[in-house]
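What follows is calculated from the coordinates using simple rules that are stated; it is not laboratory data. Please read these numbers as outputs of a predicted model, since none were measured by experiment. All Cβ positions, even for glycine, are placed from backbone atoms using ideal geometry, and neighbour counts span all protein chains on display.
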Amino acid sequence: MILSNPLIIANWKMGVPCSEARGWVDQFEKLTTPASRKHAVILPSFLSLSIVRQVDRALFLGSQDCSAFGEPAHTGSIPATDIKEIGCQYALIGHSERRRWNGETDELIHAKVIQATAAGLTPILCIGEDAQQRKIGKTKVALRSQLRHALQPLPEKLTALIVAYEPVWAIGGSAAASPTIITETHRWIRQILDRLPIKHSLIVYGGAVDEMTLPLICQLPNVNGVLVGRASWKAESFSRLVLAVHDKGSRLV
Ligand code: PEP
């Protein structure tokens, strides 16, 4: 899959109810252009996925998670093959909220990367250090461990990967990581990814991105886009971010 660069990913979490999904897409279509929407990936809740797909067949879509298993005897799980079948191109894997609140382990996350890849989905792999790890100087240890466990052994068919660098202490907070932290960390992740036999890889930043911070963050080296949570829950604010990202993309050409 060819990945748009820069990319802006909307993580709806549980922030957009099913009853608002159709209206969200209608608004988004009104406020953006087809060219700008090529930079956007929407991650609705599982129950909203088919609603969004029905309203706009051209939108790039992803799930917020996928099952780590391929066999049917896993009641309540959503197989990666169904996510692909419903029209998604991406699956978000290893978000810190799932690691924290759902007890997701590195092994489980690796199994999800395998399932998503086998189904033909591009994994959006979230990694990030928590406040304590940063405080004691263990950021790179934490990130390296998350990357290694999620990607080793590397699934054979993994030709495209998006890594979302999301410092846990920035997610849901009032301030994004500083340009210095983002620049340094993305450069380091880029060096690691370039050593892996993955044809296409992007690194996006996530954590308290809003209209104020987006233009600066998108200009930083090795930043291929952003992942936004709260700022994607209203179509109006997400549309403004998409237009800003598209503007940045046009200037790169
Ligand atoms: C997220 O949860 O992935 C995220 C980036 O959230 P927020 O933008 O709300 O900090």
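Kindly list the residues of the range 143-179 that lie in the label zone of E85, defined by a backbone N under 14 Å from the point 7 Å along the Cα-to-C-beta vector. Correct set: none at all. Remark: the range 1-61 is approximated by an ellipsoid whose semi-axes, taken from the C-alpha gyration tensor as √(5λ), come to 19, 13, 10 Å, largest first.
At an R0 of 51 angstrom, the distance between the Cβ atoms of L220 and E71 translates into a FRET efficiency of 0.75. If each residue of separation counts as 0.36 nm, what is the full-extension length gain between Q27 and W101 once their alpha-carbon separation is subtracted? Residue separation times 0.36 nm, minus the Cα-Cα distance, leaves 23.4 nm. The amide H of A40, built 1.01 Å from its N in the peptide plane, has I8 as neighbours under 5 Å, considering only residues 5 or more places off or on other chains. Summing charges over all other residues whose Cβ lies under 11 Å from the Cβ of R144, with Lys and Arg as +1 and Asp and Glu as -1, gives +2. Over all projection directions, the Cα-based convex hull of the range 23-102 averages an area of 6.0 nm². On the principal axes of its alpha carbon atoms, the range 145-199 extends 40, 20, 19 Å, with the longest extent given first.
If you wrap the tightest convex hull around every Cα atom of the range 115-249 and split its volume per residue, you get 118 Å³.
Pairs of alpha carbons in the range 48-157 separated by more than 16 Å make up 61% of all such pairs. Approximating the spin labels as points 7 Å out from Cα along Cα→Cβ, the T180-to-K234 distance works out to 3.4 nm. Among the trypsin sites (Lys or Arg not before Pro) found in the range 91-184, those both in a DSSP coil and sparsely packed, with 15 or fewer other Cβ atoms within 10 Å of their Cβ, are K138, K157. Each pair of Cα atoms in the chain enters the Kirkwood radius, and Stokes-Einstein at 25 °C and 0.890 mPa s then converts it into a translational diffusion coefficient of 136 µm²/s.
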